[in-house]
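Any read-out appearing in this document is the output of simple, stated calculations on the displayed coordinates, not a laboratory observation. What you see is a predicted model; the values in this text were computed from it and never measured. Note that each Cβ is placed from the backbone with ideal geometry, even for glycine, and that neighbours are counted across all protein chains shown.
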Amino acid sequence: MAQEIQLGLDTFGDVTWDADGAPLHHAQVLRNVVAEGVLAEQVGLDFFGIGEHHRTDFAVSAPEVVLAAIAGQTTRIRLGSAVTVLSSDDPVRVFERFATLDGLSNGRAEVILGRGSFTESFPLFGLDLGDYEQLFEEKLNLFSELLKEEPVTWAGATRAGLTDQSVYPPTESGSIRTWIGVGGSPQSVVRAAHYGLPLMLAIIGGSPLAFAPLVELYHRALGEFKRPTQPIGEHSPGYVAETDAQAREEMWPHYAAMQERIGRERGWGPVSREQFEHDAGPDGALFVGSPETVAAKIVATAQGLGLSRFDLKYSIGTLSHERLMTSIELYGTRVAPLVRDALG
């Protein structure tokens, strides 16, 4: 049976190195991300997403601004966040920014809402991590009302209430495609179903097919909430080169350094080459290798989870812009046709 799938790319605007092994200025990284997004359209991909962070190793703190720059140089590719940390933002401002992007891009804007895997935005914006759950629940509730694009009356504990308030600009289509990004929490899956929003699975470890029970839970919850069927997507890290060996050798040192840096903050041990090789294999969460290898892994995962979209998180720590551009080109011109042919 044919299975339609969109193929996209995600980046956090990782601060990359120059040819001498020195970090690029954040400003140059931002310009490079725009070039990467433009190339994504040129090679026929369906979506380009940018994540939000507020720290030294990622250059993008305002994804909508960077997406607008890409929108001005493209005509077809859909553009969105990956993710927007709604807990530490204001739902009204998030809606306004993405509605503006939607107008500038002729209806191509999307937003993926999540709680984020980093927490630096909470103290930065004066929020208490003790309110982590309440902040996301209340703000998602308000955002779901704003998506109706009708006057909103709402009250909560985490921001000022609204009374018969309209928010501008409206979108031409009357809606912004909005996903809920989840990292494996059943509660988050049920929450997405409760609001009738598409589900984006952030699979960065373990076997992708181990997420099948969450997919089943999502479908069951949609039915119990009497919501229509919604798309399911997956975001996973990866890298494409001409051969499996080349892809793994080029990715490994940058991936290991990134994992060690983040691991020091979170109390993880260093990742081993053996673990990396396992995760790069058929049962792991890294989609790294030749076009044929990466395509086969995407097809198996898409069929196993019933995916409507797969987004490759193509930026890998300090891995250079030039190599990322080559990976994007291979993903669009060689991986994507193989996946579409296999599923179509």
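Some observations on this one:
- Local net charge near VAL43, Cβ-Cβ under 14 Å (Lys/Arg +1, Asp/Glu -1): -1
- Residue-count net charge about ASP131 - beta-carbon cut-off 13 Å; Lys, Arg +1, Asp, Glu -1: -1
- Geometric extent, Cα atoms of segment 168-223 - Rg, Dmax (angstrom): 13.4, 42
- Residues ASP102, ASP244, ranked from the fewest to the most other C-beta atoms within 10 Å, line up as ASP244, ASP102.
- Scaled against 2.2 N^0.38 Å for its residue count N, the alpha carbon radius of gyration of the chain is 0.96.
- Placing a pseudo-label 7 Å from each Cα along the Cα-to-Cβ vector at ARG273 and GLN42 gives an inter-label distance of 3.5 nm.
- Out-of-range pairs (alpha-carbon distance over 29 Å; input LYS139/LYS226; LYS148/LYS226; LYS226/LYS313): LYS226/LYS313
- Axis angle, to the nearest 10 degrees, between helix 321-330 and the longest C-alpha principal axis of the chain: 90 degrees.
- The order of GLU133, GLU145, going from fewest to most other C-beta atoms within 10 Å of their C-beta, is GLU133, GLU145.
- Given +1 at the Cβ of Lys and Arg, -1 at the Cβ of Asp and Glu and no other charges, the dipole of segment 163-273 around its Cα centre is 380 debye to the nearest 20.
- For peptides 149-160, 66-77, sequence by mean Cβ density within 10 Å, most packed first: 66-77, 149-160
- For ASP244 and VAL65, a Förster radius of 51 Å and the Cβ-Cβ distance give a FRET efficiency of 0.85, rounded to the nearest 0.05.
- Note on ASP164 and ASP283: the model spin-label points, each 7 Å out from Cα along the C-beta direction, lie 6.2 nm apart.
- Sequence-distant residues sharing a close amide H with ASP18 (under 5 Å, placed H): LEU24
- The chain: angle of helix 132-146 to the longest principal axis, Cα-based, in degrees nearest 10: 70
- Here the label points at SER173 and THR100, each 7 Å from Cα along the C-beta direction, are separated by 2.1 nm in the simple model.
- Packing, as the average of other Cβ atoms within 10 Å across residues, places the peptides 168-177, 50-59 in the order 50-59, 168-177, highest first.
- In this structure, ARG93 and THR56 have a Cβ-Cβ separation that, at R0 = 25 Å, corresponds to a calculated FRET efficiency of about 0.50.
- Principal-axis tilt of helix 212-224 within the chain, Cα atoms, nearest 10 degrees: 20
- Among 81-94, 265-278, 248-261, the peptide with the highest mean count of other Cβ atoms within 10 Å heads the list, and the full ranking is 81-94, 248-261, 265-278.
- If you take all other residues with their beta carbon under 11 Å from the beta carbon of SER236, and give Lys and Arg +1 and Asp and Glu -1, the sum is -2.
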